[in-house]
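First comes the structure, then the notes that go with it.
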Amino acid sequence: MVLRSRSSKSAKTQVKSNSKESNADKTDQQQQLQQKATYLLQRVFDSTTTLTPEDAIAAAHWIRQILGIVVGIVYGLIQLTGFTGIMSFFTLALMLPTTLMSIFHELDFDEINKHNNIQTEGLFPAMALFVLSWTLSYTVFLR
Amino acid sequence: MTLADAYGAFVIVGIVTVATLLAELLSYLLVYSTKDYVRACDRVRELNKKLEKEDRKVVSVEKRKSHEKSIDRLEEELKQASQKMDGLKMRSSVLIGLSFLLLYRMVAAAWTGHVVARLPFLPIKIIQALSFRGLQGNDYYQCSFGFIYTLCTMGIKSNIPKLLGFTSPKSILNPSRMAARQQRKVGTD
């Protein structure tokens with residue numbers, strides 16, 4: 001009886017430790033899921049979270065695309081013309097994403113650039129989106 | 001020019017967006033959802049991770065040769081895996097390329113000779129060939145359908161697959177990595 005109770009006790013403790021491990025796994029998985037669920041761009045402005053090199057590259061890409069559309073519409077709205085618009089957007093798109101990310105996070109650009117060049121990621125489609133939205137809004141708001 | 005005059009440009013943007021979404025749906029059905037493609041993508045991701053791990057390893061002088069050999073073997077495997085993945089994608093890429101050519105013909109038939117927008121800048125000569133194609137006169141601020149179509153192709157068509165999460169994993173065998181590896185090899189020799 002004693003032996004049985006001892007073995008049952010040890011079995012219970014093993015079960016407990018197993019359940020603790022599985023609970024820890026579950027919480028890890030939950031945390032990972034939560035991290036994935038929170039928006040990437042939201043994490044860029046949250047210094048308490050971490051950005052992997054892939055996240056940083058994806059964030060730089062999407063910041064440039066949004067910037068392209070927004071700046072294009074604003075330039076069209078204020079009826080800005082000439083190459084000043086193109087050059088100012090180019091400078092902004094080149095510098096803003098990396099500057100924004102380095103304000104909120106400590107980024108190792110050498111490590112990130114092993115995956116892809118963060119300085120130019122998405123620059124070409126962003127330029128196209130910028131010229132497109134600028135042309136369309138300029139045409140619509142033309143006096 | 002007013003909104004009513006510029007509706008052509010908006011219609012072209014809409015056509016390209018819808019066509020790209022349909023093309024991605026087709027690609028999903030023909031390629032992205034197939035077991036072979038999913039397996040090929042997983043293989044590339046796995047090999048990328050393995051290669052990164054090997055790259056980070058610090059080895060003693062005696063083990064350096066075997067380490068280099070294992071990296072070479074992994075690189076060769078990764079090259080083959082990404083070639084297989086690209087090969088699977090090729091069929092749908094050709095089909096989509098042809099359908100977009102057809103779409104361009106259709107848009108051209110409808111909008112050639114029409115001013116669809118007014119440019120806020122004077123384009124340089126090379127771009128003028130595209131932005132003023134099929135138009136008459138010498139007001140180079142006028143924009144033809146070709147320019148808007150090209151901008152849509154560059155801006156919208158390249159972003160939609162990324163937005164939908166349909167981009168295939170990139171192999172880490174990029175030129176900067178190869179150059180760094182070559183340098184390391186020269187250093188050890």
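One table, with the values for the structure above:
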| read-out | value |
| --- | --- |
| Residue tally, condition facing chain B (nearest Cβ under 10 Å) and more than 16 Å from the chain's Cα centre (by Cα), over region A:62-98 | 13 |
| So A:Ala93, is it in contact with a Pro (Cβ under 8 Å, 6 or more places away or on another chain) and over 21 Å from B:Tyr7 (Cα atoms) | no |
| Considering residues of region A:132-143 that are assigned to a loop (DSSP other than H, G, I, E, B) and of a type in the set (A, V, I, L, M, F, W, C) only, the residue nearest to the other protein chains (Cβ to nearest Cβ) | A:Leu142 |
| Members of region A:99-143 found to be at positive phi and more than 21 Å from the chain's Cα centre (by Cα), listed by number | none |
| Residues being more than 12 Å from chain B (Cβ to nearest Cβ) and assigned to a helix (DSSP H, G or I) - total across region A:104-131 | 2 |
| Residue match in region B:30-49 (condition: of a type outside the set (Lys, Arg), over 25 Å from A:Glu54 (Cβ atoms), assigned to a helix (DSSP H, G or I) and at pLDDT below 90) | yes |
| Candidates B:Leu103, B:Leu135, B:Leu173, filtered to the one that is within 12 Å of chain A (Cβ to nearest Cβ) and either hydrophobic (A, V, I, L, M, F, W, C) or surrounded by 18 or more Cβ atoms within 10 Å (Cβ to Cβ) (or both) | B:Leu173 |
| Hey, B:Arg39 basic (Lys, Arg) and either closer than 25 Å to B:Ser158 by Cβ or within 14 Å of chain A (Cβ to nearest Cβ) (or both) or not | no |
| Answer from B:Lys79, B:Lys53 - the residue that is of a type in the set (D, E, K, R), within 14 Å of chain A (Cβ to nearest Cβ) and closer than 28 Å to B:Gly165 by Cβ | B:Lys53 |
| First in region A:115-142 and under 15 Å from B:Thr150 (Cβ atoms) and touching a residue at least 12 places away in the same chain (Cβ under 8 Å), second anywhere and charged (D, E, K, R) and outside any helix (DSSP H, G or I), Cβ under 8 Å, 6 or more apart | A:Thr135/B:Arg118 |
| Count - residues of region B:65-108 that are in contact with a Phe, Trp or Tyr (Cβ under 8 Å, 6 or more places away or on another chain) and under 14 Å from B:Cys41 (Cα atoms) | 3 |
| Qualifying residue in region B:105-115 (condition: closer than 30 Å to B:Leu29 by Cα, in contact (Cβ under 8 Å) with a residue 60 or more places away in the chain and of a type outside the set (S, T, N, Q)) | yes |
| Scope region B:120-132; condition part of a helix (DSSP H, G or I) and surrounded by 17 or more Cβ atoms within 10 Å (Cβ to Cβ); matching residues | B:Ser131 |
| Test set (1) surrounded by fewer than 17 Cβ atoms within 10 Å (Cβ to Cβ); (2) among the aliphatic types (A, V, I, L, M); (3) closer than 21 Å to B:Thr167 by Cβ - A:Ile57 fails condition number | (1) |
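The values are calculated or read from the model by the stated rules, or taken from the named source; none is laboratory data. None of these values were measured; they are calculated from a predicted model. Using ideal geometry, Cβ is built from the backbone for each residue, glycine included, and neighbour counts are taken over all protein chains shown.
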